[in-house]
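Single-structure report; data block below.
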Amino acid sequence: MQTNLFSDAFPLQEQGIACLKKFEFSRALDYLQQARDLSADIPNNRVYFEAAQFCLANQFNITTPAAQMVSLWEMLHQEQTFAAEANALQKVLFEVFARRLLDIEAFDASGVLQHGDICFHISACYMHANQFEAARQSLTQQLSDDESPLPARYWGYFGDAALATSHAREANLGYLRLLASNPFDVDWSVFQHRRLKTRFQSLLKQYNLQIAYGSWPFAAWQDELIYVPPSNRYIQKMLEDNLKRYDPNLALTPYEKHLRFALLVLCDQSDPSGNKAVHLRIMMKELDGKKFQQYLSTVNER
């Protein structure tokens, strides 16, 4: 009997999900409720139901402009950043918004949707729609310019898309640049590198959120989860920008301190000639003597 109820409920749930992705939220709720009435235990029904309710509560419908979706997307992204994980509802909402933005062709010829200060790229939608090769190709073109206006999370998307499509060197490049520029901007809902995620979670058990994010790049290098190619100009530029950005007379926050230390390490690793080693290592030692000793021990062991 239970099997028959499930078999009757699933088509209704699928219709509800299809309506959800079309932004027909009232119809989605009707189908999802019918499915639940037939089988209270049907998998994932509750999260789809909550997603439809959430969208209705935010007055979304088939006429909702792309800019409104992107604004809410950014809010959800911030929530998962500070939670250090993505919950099931956020994942469904990201996918629903992604598919809708792709359906209405919300992007310009370069794949960008600019809304105020938000620079949103089509690759985010490809990632959340599980179209990894499309994401990789679009980002290969967009990120070829080191002056790209896209925020750091798009380097994370590039790493995720490359890893999902078995392009290991590109994946390393993406994750390295995400961690060097702003690890806080990671999108946990599509993050593909399980060992990197596990390493972050272990840091979160030891430290508060800021220190965990700031310490993540150094820990990733220390555990050989990322590799720094020689003469990496991007890493050098990130360090230069970091040193210029902060007033030398003001104390760094814990996050800023740990991220700067990581940038010094990555920059040191990118200089095979050793021309900058003395200068960089003096700065490391002044910034965090204990961590500097850990760095030297790791270098000597390799």
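Assorted remarks:
- Approximating the spin labels as points 7 Å out from Cα along Cα→Cβ, the Q210-to-A18 distance works out to 5.1 nm.
- Per-peptide packing, taken as the mean over residues of other Cβ atoms within 10 Å, places 122-135, 165-178 in the sequence 122-135, 165-178 from highest down.
- GluC sites (Glu not before Pro) restricted to the stretch 208-302 and DSSP loop, no more than 11 other C-beta within 10 Å: E224
- Gap separating the Cα centres of the stretch 135-202 and the stretch 54-105, nearest whole Å: 20 Å
- Mean separation of Cα contacts under 8 Å, 6 or more apart, over the residue count of the chain: relative contact order %: 11 percent
- Set of lysines near K21 by C-alpha distance (under 17 Å), chain-local residues within fewer than 8 positions excluded: K91
- Mean residue ellipticity at 222 nm, helices only, the chain: -22000 deg cm²/dmol; runs of at least 4 DSSP H residues each add -39,500 (n - 2.57), and the sum is divided by the number of residues.
- Per-residue Cβ neighbour rank within 10 angstrom, fewest leading, V299, V265: V299, V265
- By the beta-carbon count within 10 Å of each Cβ, the least crowded to most crowded order of H77, H258, fewest first, is H77, H258.
- Stretching the chain fully between S202 and L296 yields a gain of 31.6 nm (0.36 nm per residue, less the alpha carbon separation).
- 0 to 90° range, to nearest 10: angle between helix 233-245 axis and the chain longest Cα axis: 80 degrees
- Gyration tensor (alpha-carbon) shape descriptor, the stretch 65-192, a/c threshold 1.5: rounded
No value in this document is a laboratory result; all are computed from the given coordinates. These numbers were taken from a predicted model, which means no experiment stands behind them. FYI the Cβ positions are ideal-geometry reconstructions off the backbone, even for glycines, and counts take in every protein chain you see.
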